Amino acid sequence: MNRREFFKTVSLAGVALTLPRVAAADELPFNPVPADGWRTFQITTRVTPVPGTSHVWLPLPSYQDDTWVKPMGSMWSGNADDIRVMTVPGYGAQMLVASWKSASSAAPEVEVISRCATRDWAVDLGRPSKVVPLDAATRARCLEATHFIPTGGIVRKTALEITRGKTHDLDKARAIYEWVVENTERNHKTLGCGLGDIRFMLETGDLSGK
């Protein structure tokens, strides 16, 4: 089976067995390129699952902000028995899910091609400007704990230690940033991007990974 379909999404940052490649901006008939300093990128991710793999989940970043990032469309092709876009409830994140009914499917593969447009956007933190307050629902979603990012226990204890004596939000953020830079390191042996389990990292003292 070989199917192609367009989806209104932003660029793909996929989990692949081959690295993404950036192609010329005029290869495919996606949405028009915006003007006024916008740059367009085309990203192709091709996945060839190992024998026995029946499902592949490819993230389709769906965030859009007209000040600096715009989706231009994505399309896919492959020999999966079923390919569909799924949205994570409560977050709006999109995933392209490819499934093969038989674990013994010969040479399974799927490819996603995405485009997005971006432009430079900078904020001078030394010159605070008026900021539109977050609505209650957005604030709650951004601050809620997750399985891999808890906000209590050793995570809260460490954060309070790092920000001790700081009263301004910007000073707290800078202190945490500096702590991360000084205490973590990249480990090229970490599979994929790692789990991102901050509680486990703090408990074991292993602050390396990707």
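The values are calculated or read from the model by the stated rules, or taken from the named source; none is laboratory data. Only a predicted model underlies this, so the values are computations on that prediction, with no experimental measurement involved. Positions of Cβ are backbone-derived with ideal geometry, glycine not excepted, and every protein chain shown enters the neighbour counts. Heavy atoms of the whole protein, side chains included, go into the accessibility calculation; ligands, DNA and RNA do not. Shrake-Rupley method; radii C 1.70, N 1.55, O 1.52, S 1.80 Å.
Scanning the stretch 177-207 for residues that are surrounded by fewer than 14 Cβ atoms within 10 Å (Cβ to Cβ) and outside any loop (DSSP other than H, G, I, E, B) gives 177, 178, 180, 181, 182, 183, 185, 186, 200, 203, 204. Selection of first residues in the stretch 193-210 that are free of Cβ contacts under 8 Å to residues at least 40 places away in the same chain and under 19 Å from residue 59 (Cα atoms) and of second residues that are surrounded by 14 or more Cβ atoms within 10 Å (Cβ to Cβ) and small (Gly, Ala, Ser), restricted to Cβ pairs under 7 Å at least 6 apart or on distinct chains, gives the following pairs, ordered by first then second residue: 194/209. Inclusion of residue 166 among residues that are touching a Lys or Arg at 6+ places or on another chain (Cβ under 7 Å) and either part of a helix (DSSP H, G or I) or open to solvent by 60 Å² or more (accessible area, probe 1.4 Å) (or both) is warranted. Here residue 54 clears all of (1) out of contact with any Lys or Arg (no Cβ under 8 Å at 6 or more places or on another chain); (2) more than 18 Å from residue 117 (Cα to Cα); (3) small (Gly, Ala, Ser) except the condition numbered (1). Is it the case that the stretch 20-37 has a residue that's over 30 Å from residue 145 (Cα atoms), open to solvent by 70 Å² or more (accessible area, probe 1.4 Å) and at pLDDT 70 or above? Checked the stretch 20-37: at least one residue is over 30 Å from residue 145 (Cα atoms), open to solvent by 70 Å² or more (accessible area, probe 1.4 Å) and at pLDDT 70 or above. Inclusion of residue 171 among residues that are open to solvent by 50 Å² or more (accessible area, probe 1.4 Å), modelled with pLDDT of 90 or more and farther than 24 Å from residue 195 by Cα is warranted.
Are any of the residues in the stretch 99-108 touching a Gly at 6+ places or on another chain (Cβ under 7 Å) and touching a residue at least 40 places away in the same chain (Cβ under 8 Å)?
Within the stretch 99-108 (the criterion being touching a Gly at 6+ places or on another chain (Cβ under 7 Å) and touching a residue at least 40 places away in the same chain (Cβ under 8 Å)), the answer is yes, since at least one residue qualifies.
Residues in the stretch 138-163 that are more than 28 Å from residue 88 (Cβ to Cβ) and open to solvent by 70 Å² or more (accessible area, probe 1.4 Å): 157, 160, 161. Applying the selection to the stretch 92-143, what residues are modelled with pLDDT of 85 or more and among the hydroxyl-bearing types (Ser, Thr, Tyr)? Hits for the stretch 92-143 are 99, 114, 118, 138. Only one entry of 82, 135, 65 meets the criterion of being open to solvent by less than 40 Å² (accessible area, probe 1.4 Å), free of Cβ contacts under 8 Å to residues at least 40 places away in the same chain and under 24 Å from the mean Cα position of the chain (by Cα), and that entry is 65. Listed by first and then second residue, the pairs with beta-carbon distance under 7 Å, at least 6 apart or on different chains, first residue in the stretch 167-184 and farther than 19 Å from residue 125 by Cα, second hydroxyl-bearing (Ser, Thr, Tyr), are 184/208.
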